[in-house]
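The block underneath contains the structure these notes are about, expressed in structure tokens.
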Amino acid sequence: MQAKEFNLRREREIVGTMLSLMRRGIYPWRSPYPPGSIKKVAYNFSTEEEYHGTNQVVLLADCWKSSYASPAFLGEKQAEKMGGVLKSGVRPVWVVSARVAEIPQENGEAPTPVIKYFWNRVFNHEQFDGLPELRSNHNAYALDLDGGDNVWEAISFAESYLRSQNIRIIESESESLPQFNAARRTMTVPGKGMFARIGENSSQLEAYAVKLIQDSISSTAVPLERFAEQKKKSGKDDLDALEALVCEIGSSVLFNKFNLKAPETDGNMDTWIRQISNNHKSMFRAFRDADRAVKYIEHAVAGPVPHVTHSMEAGR
């Protein structure tokens, strides 16, 4: 089978799985696992590294589809080195990996590095016999999280990012959720009194963390020039819906990392299904842009976040 035909088949499989789940009201990029003792993000069981971009969404979608007990995946050779034996009749999931190849130059100059992409088969942990048991991990950032600290870590993470972008955080007397103003580069947040009243484990506090993360993802549209690229290919309504999809996927990645519960639907599902059905590439573009947004934020915060005493944490 030629490479182009093979790629198209894999892409059609991915789109088909996504649309099937979305028509059932499932958000494939959200983790099917509730906050608890296992990672909510798809990761390689052998290396313990997370999958990124489209691979992350594809593997979570497979967890939804197959009701796996965990989002731990690995290749057959990796499993063999750990004593695992692949069960008969199981099916793989195809993920993409990138390698840098050097192209020789005829004029004797240094080889030109070129990124090449390859499809690889991976399997879920429970598709093998003989593997070590799953290791518990509360949070993808490997922080020591007890007693609701994941919410405070998420808040500190988002505020660190916002400050790194010179977005001014304004405390108000209101108890409403954060409001980001792109034109003024400000984020209006509730004052300290609110946090003294609602307590550390309240659903209100988690809703605050969720909204901060959503606005952080949304704020990356300008520096990453998402609108400039999308305007060339979409009308305004489609542009707004695609941007909403990017923000939904990017926010969900961070919700999964911080063990936060994703908010209820905002009613865009039918529009996204229509867009993806009409143009499969729009889905992959949204996956790519969401991954870029998350990486942009993580880079701005300079990697995994140490515990930071939050400006409002005095109310705990």
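The values are calculated or read from the model by the stated rules, or taken from the named source; none is laboratory data. Please read these numbers as outputs of a predicted model, since none were measured by experiment. Every residue, glycine as well, gets a Cβ built from its backbone with ideal geometry; the counts of neighbours run over all protein chains shown. Surface accessibility is based on the protein's heavy atoms, side chains included, excluding ligands, DNA and RNA. Shrake-Rupley method; radii C 1.70, N 1.55, O 1.52, S 1.80 Å.
Can you tell me which residue in the range 106-144 is modelled with the lowest pLDDT, limited to those that are among the polar types (S, T, N, Q), over 24 Å from Ser66 (Cβ atoms) and open to solvent by less than 70 Å² (accessible area, probe 1.4 Å)?
In this case the residue turns out to be Asn139.
Report, by residue number, each residue of the range 1-15 that is more than 14 Å from Trp272 (Cβ to Cβ) and assigned to a helix (DSSP H, G or I).
Looking only at the range 1-15, we keep the residues that are more than 14 Å from Trp272 (Cβ to Cβ), and these are 1-14.
Residues satisfying the conditions are Ala3, Lys4, Glu5, Phe6, Asn7, Leu8, Arg9, Arg10, Glu11, Arg12, Glu13, Ile14.
Say we look at the range 88-104 and pick out the residues that are farther than 21 Å from Ala61 by Cα and open to solvent by 70 Å² or more (accessible area, probe 1.4 Å); which of these is nearest to the chain's Cα centre (by Cα)?
Arg99
Please work out which one of (1) in contact (Cβ under 8 Å) with a residue 12 or more places away in the chain; (2) under 13 Å from Phe128 (Cβ atoms) is the condition Lys77 fails and give its number.
(1)
It is to be established whether one or more residues within the range 50-66 are more than 29 Å from Ile273 (Cα to Cα) and open to solvent by 40 Å² or more (accessible area, probe 1.4 Å).
Among the residues of the range 50-66, not one is more than 29 Å from Ile273 (Cα to Cα) and open to solvent by 40 Å² or more (accessible area, probe 1.4 Å), which makes the answer no.
Which residue out of Gly83, Gly75 is farther than 24 Å from Gln56 by Cα, surrounded by 10 or more Cβ atoms within 10 Å (Cβ to Cβ) and either out of contact with any Pro (no Cβ under 7 Å at 6 or more places or on another chain) or modelled with pLDDT under 95 (or both)?
Gly83
Report the residue count in the range 239-275 for those that are part of a helix (DSSP H, G or I) and either touching a strand residue (DSSP E or B) at 6+ places or on another chain (Cβ under 9 Å) or of a type in the set (Ser, Thr, Tyr) (or both).
Here is the first cut: in the range 239-275, the residues part of a helix (DSSP H, G or I) are 239-257, 269-275.
Then drop every residue that is not either touching a strand residue (DSSP E or B) at 6+ places or on another chain (Cβ under 9 Å) or of a type in the set (Ser, Thr, Tyr) (or both), which leaves 251-252, 257, 271.
Matching residues across the range 239-275 total 4.
For the range 16-28, which residues satisfy the criterion of being over 18 Å from Val122 (Cα atoms), in a helix (DSSP H, G or I) and either open to solvent by 20 Å² or more (accessible area, probe 1.4 Å) or modelled with pLDDT under 95 (or both)?
Gly16, Ser20, Arg23
Take Gln230 and tell me if it is at pLDDT below 75, under 28 Å from Val41 (Cβ atoms) and in a helix (DSSP H, G or I).
yes
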